[in-house]
Amino acid sequence: MPNLVPGVLAGAVIALLSATPEPATSLRLTLDHPGRDSSRSVTLRCGPPGGDHPAAARACSELDGSGGRFEHAPDGRMCTAVHSPVVARAEGRWRGRSVRFREEYGNDCVMRSRTGTLFAF
């Protein structure tokens, strides 16, 4: 019987740790097109996916897979050299940690090649 108590306590600790919710992810994503004087913003929430991002589940999955990085190496798609600048910004919390991102790209295709679904809205 004395060996039973440590096992029960260890099991209770493991159960509590696995029941602890993941820290919140809530981001305001914005696209600015300086040459067109236009701007769009959406909210992305993860854990569970939500907000008004049109592909929230996929964007959350990509963000989690990258460890919270908003940009990655180009994905190999062919983009034209047409200069139509776009500024991608993200601000908020990723897994409870304050984050901020801002990058300017030559056009939407180049931006999506580097950011995936995150800024596809």
(message) Taking θ = phi - 60°, what integer Hz values does the Karplus form 6.51 cos²θ - 1.76 cosθ + 1.60 yield along the stretch 79-90, in sequence order, with x for Gly and Pro?
(response) 10, 6, 8, 5, 8, 9, x, 9, 10, 9, 10, 9
(request) Return the sequence-ordered ³J(HN,Hα) values of the stretch 53-61 in whole Hz as given by the Karplus equation 6.51 cos²θ - 1.76 cosθ + 1.60 applied to θ = phi - 60°, using x for Gly and Pro. (result) 5, x, 10, 4, 4, 5, 4, 5, 4
(request) For 78, 111, write out the residues from largest to smallest accessible area, computed with a 1.4 angstrom probe and no ligands counted. (result) 78, 111
(message) Show log10 I(q)/I(0) for the stretch 73-121 at q = 0.16, 0.25, 0.30 Å⁻¹, two decimals, from a solvent-free Debye sum over equal Cα scatterers.
(response) -0.49, -0.95, -1.17
(request) Would you kindly find the accessible area of residue 83, with a 1.4 Å probe and non-protein molecules such as ligands, DNA and RNA excluded, rounding to the nearest 10 Å²? (result) 140 Å²
(request) Would you tell me the accessible area of residue 115, worked out with a 1.4 angstrom probe on the heavy atoms of the protein chains, in Å² to the nearest 10? (result) 10 Å²
(request) Over every pair of different alpha-carbon atoms in the stretch 19-121, take the mean of 1/r and invert it; report that Kirkwood radius in Å. (result) 14.0 Å
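The values are calculated or read from the model by the stated rules, or taken from the named source; none is laboratory data. Just so it is clear, the model here is predicted, and its values are computed rather than measured. All accessible areas refer to the heavy atoms of the entire protein, side chains included, with ligands and DNA or RNA removed. Shrake-Rupley method; radii C 1.70, N 1.55, O 1.52, S 1.80 Å.
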